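The structure appears below as structure tokens.
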Amino acid sequence: MALLDLRLREFLEEVASEKRTPGGGSVAAVVTAAAAGLLAKVARASNDTWPEARGIAAQAESLRDRVAPIAQLDAEEYEAALQERSEGGEAPGERRDSALGRAYARAAEPPLQIVEAAADVAVLSVSVAQNGNPSLRADAVAAAALAAGAARAAAELVAVNLTASADDERVLRARRLADEAARAAGAAYEGSS
């Protein structure tokens, strides 16, 4: 099933289903893509008054296009890790642990990509909130808040998937990026008042 090909209602039903995926990572990717879409909308509506609006809209579209497919990738990698956990019982202990560790490390990559994109969206939102069409600034601030929330959620998924190594650089990077996204969301909110 291709998540991005589903109607919104169908996607929401898949998220709410008893199936293991899609889960939080897929939702965080879609939320980040939607936040980037909001920034593109505000930038496009600001073309007459903001010289950089076209370039900002293109950046937002690029971010949206970058993160949206990760919804599917996240579901696939996490499902593969869960499959490895349930089927890996036949291998000897150390070999099984190694295979399971590799599967969960692969499952941590999509959420890390989501954190990176969400942080970029949140940072971009500051400029859009400050310079965009005043009648749509609330959408830019909403995009910042959505991106910051998605970054925090995805950072948690990175940490959970790499649970054996809390000081893993990927976990630390994800947390730093989520903090950066939260600061940017605050700046977008403050800058739009």
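Mind listing whichever residues of region 159-187 are crowded, with 23+ Cβ neighbours inside 10 Å and at pLDDT below 95?
Of everything in region 159-187, just one residue is crowded, with 23+ Cβ neighbours inside 10 Å and at pLDDT below 95, namely ASN161.
Right, ARG183: over 15 Å from the mean Cα position of the chain (by Cα) and either assigned to a helix (DSSP H, G or I) or touching a residue at least 60 places away in the same chain (Cβ under 8 Å) (or both) or not? Quick ask: steps written out before the conclusion?
On the way: over 15 Å from the mean Cα position of the chain (by Cα): yes; either assigned to a helix (DSSP H, G or I) or touching a residue at least 60 places away in the same chain (Cβ under 8 Å) (or both): yes.
So ARG183 fits the description; yes.
List the residue pairs whose Cβ atoms are under 6 Å apart, where the first residue sits in region 112-126 and is more than 15 Å from ASN161 (Cβ to Cβ), the second is modelled with pLDDT of 95 or more and charged (D, E, K, R), and the two are 6 or more positions apart or on different chains.
These pairs meet every condition: ALA117/ARG66; ALA119/GLU180.
Based on what the data block shows, is GLU109 surrounded by fewer than 17 Cβ atoms within 10 Å (Cβ to Cβ), in contact with a Ser or Thr (Cβ under 8 Å, 6 or more places away or on another chain) and either at pLDDT 85 or above or not in a helix (DSSP H, G or I) (or both)?
Spelling it out, it is not the case that GLU109 is surrounded by fewer than 17 Cβ atoms within 10 Å (Cβ to Cβ), in contact with a Ser or Thr (Cβ under 8 Å, 6 or more places away or on another chain) and either at pLDDT 85 or above or not in a helix (DSSP H, G or I) (or both).
Criterion first (under 23 Å from VAL31 (Cβ atoms), touching a Lys or Arg at 6+ places or on another chain (Cβ under 6 Å) and not small (Gly, Ala, Ser)) does LEU63 satisfy it?
The answer is no for LEU63.
Can you pull out the residues in region 44-74 that are in a loop (DSSP other than H, G, I, E, B) and in contact (Cβ under 8 Å) with a residue 40 or more places away in the chain?
Hits for region 44-74 are ALA45, SER46, THR49, TRP50, GLU52, ALA68, PRO69.
As an exercise: evaluate ARG102 against (1) farther than 24 Å from LEU177 by Cα; (2) at pLDDT below 95; (3) among the charged types (D, E, K, R) and give the number of the one condition it does not meet.
The one condition ARG102 does not meet is (1).
Could we say that LEU124 is more than 12 Å from the chain's Cα centre (by Cα) and at pLDDT below 95 here?
Here the answer is no, as LEU124 does not meet what is asked.
Looking at ALA147, is it within 15 Å of the chain's Cα centre (by Cα) and touching a residue at least 40 places away in the same chain (Cβ under 8 Å)?
yes
Scan region 24-54 for residues that are touching a helix residue (DSSP H, G or I) at 6+ places or on another chain (Cβ under 8 Å) and surrounded by fewer than 16 Cβ atoms within 10 Å (Cβ to Cβ) and jot them down. Working first, answer last.
From region 24-54, those touching a helix residue (DSSP H, G or I) at 6+ places or on another chain (Cβ under 8 Å) are 24-47, 50, 52-54; that's our starting set.
Passing the criteria: ASN47, GLU52, ARG54.
Only one residue in ALA71, ALA81, ALA75 is farther than 14 Å from LEU38 by Cα, modelled with pLDDT under 95 and of a type in the set (A, V, I, L, M). Which one?
After applying the criteria, what remains is ALA81.
The values are calculated or read from the model by the stated rules, or taken from the named source; none is laboratory data. Here the structure is a predicted model, which is why all the values come from computation and not from measurement. As a convention, Cβ positions derive from the backbone with ideal geometry for all residues, glycine included, and neighbour counts pool all protein chains shown.
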